[in-house]
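Novice: Submitted below is the structure of interest, expressed as C-alpha cells.
The values are calculated or read from the model by the stated rules, or taken from the named source; none is laboratory data. Nothing here was measured: the structure is a model prediction, and the numbers come from that model. Note that each Cβ is placed from the backbone with ideal geometry, even for glycine, and that neighbours are counted across all protein chains shown. Note: areas computed on protein heavy atoms with side chains; ligands, DNA, RNA excluded. Shrake-Rupley method; radii C 1.70, N 1.55, O 1.52, S 1.80 Å.
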Amino acid sequence: MNISEINSGVPSDERGELETKVYKVLIELGIPFERVDNDSVESMESCVEISNKLGAEIRKSVLVCDRKKVNFYLVIMPAGKSFNTKTFCEKMECSRVSFAPAECMEEYLGVRPGTATVMSLLNDGRKKVKIIIDKEVAESDWFACNPGANTAHIKIKTECLLNKFLPYTGHHPIVIDL
C-alpha cells in the first residue's frame with residue numbers, strides 16, 4: 001500500500017467537498033492535525049499500516065438505525081472491536097438496531113458505505129444522527145479517521161475532537177463502554 005509521508009497542512013491539490021470542509025474547519029478551530037494520503041482502503045484491516053504510520057489507530061465508524069429508520073447513531077469504536085447490537089441496545093436503552101442503508105448514509109452524512117467518519121457530522125445540519133463513542137476511544141490520547149475520503153487519514157488529539165470539533169458540529173457525544 002502506498003502511504004505518503006506525514007503532513008501537517010492542508011493538501012494543495014483538489015479534494016472532495018467533505019474533505020475540503022474538514023481541513024477548513026480544523027484550521028478555523030485551531031485543531032492541529034497530521035495527515036497522510038494513501039491508496040483507497042475498504043476495510044479496517046487495510047488501515048493497520050496507516051495507523052502505524054500515523055502513530056494512532058484508525059477508528060471504526062458505523063452508522064446504525066432502528067427498524068423504522070427514525071433514530072440514527074454514528075458509533076465510533078476501536079478498530080478491532082466488533083459491533084454488538086444487543087450490547088449497544090442494552091446500553092442505549094433502545095430498540096433493535098441494524099446497519100443503516102446506503103441511502104441514509106448519503107442523506108444524513110453525505111458519505112458512501114466504507115467512508116463513514118465522525119468528520120461527516122459536518123454534513124448533518126439537521127442533527128439527525130446521534131454520536132456514540134466507545135469509552136476506550138474517548139479516553140485515548142489520539143483520534144485517527146478518514147476526513148471524508150478513504151484515500152486520506154488524519155490524526156488529532158481526542159480532547160480536540162470532544163471539546164472543539166463535536167461542539168462545533170452541534171453534536172454531543174454519548175460515551176459508553178461497548
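Novice: How many of the residues in region 135-157 are under 12 Å from the mean Cα position of the chain (by Cα) and within 16 Å of Ala79 (Cβ to Cβ)?
Specialist: Number satisfying all stated conditions: 9.
Novice: Just checking, does region 42-54 include any residue being modelled with pLDDT under 95 and over 30 Å from Ile3 (Cα atoms)?
Specialist: No, every residue in region 42-54 fails to be modelled with pLDDT under 95 and over 30 Å from Ile3 (Cα atoms).
Novice: Anything in region 122-178 that is basic (Lys, Arg) and either surrounded by 17 or more Cβ atoms within 10 Å (Cβ to Cβ) or touching a residue at least 24 places away in the same chain (Cβ under 8 Å) (or both)? List them, or say none. Write out each step before concluding.
Specialist: Pass one, region 122-178, residues basic (Lys, Arg): 126-128, 130, 135, 155, 157, 164.
If the condition is that a residue be basic (Lys, Arg) and either surrounded by 17 or more Cβ atoms within 10 Å (Cβ to Cβ) or touching a residue at least 24 places away in the same chain (Cβ under 8 Å) (or both), then Lys127, Lys128, Lys130, Lys135, Lys155, Lys157, Lys164 are the ones that fit.
Novice: Just name the residue that is farthest from Val62 (Cα to Cα) out of those in region 9-48 that are among the hydroxyl-bearing types (Ser, Thr, Tyr), open to solvent by less than 70 Å² (accessible area, probe 1.4 Å) and part of a loop (DSSP other than H, G, I, E, B).
Specialist: Out of the qualifying residues, it is Ser40.
Novice: Please pick out the residue among Glu45, Glu90, Glu57 that is more than 20 Å from Lys127 (Cα to Cα), in contact (Cβ under 8 Å) with a residue 40 or more places away in the chain and among the acidic types (Asp, Glu).
Specialist: Glu57
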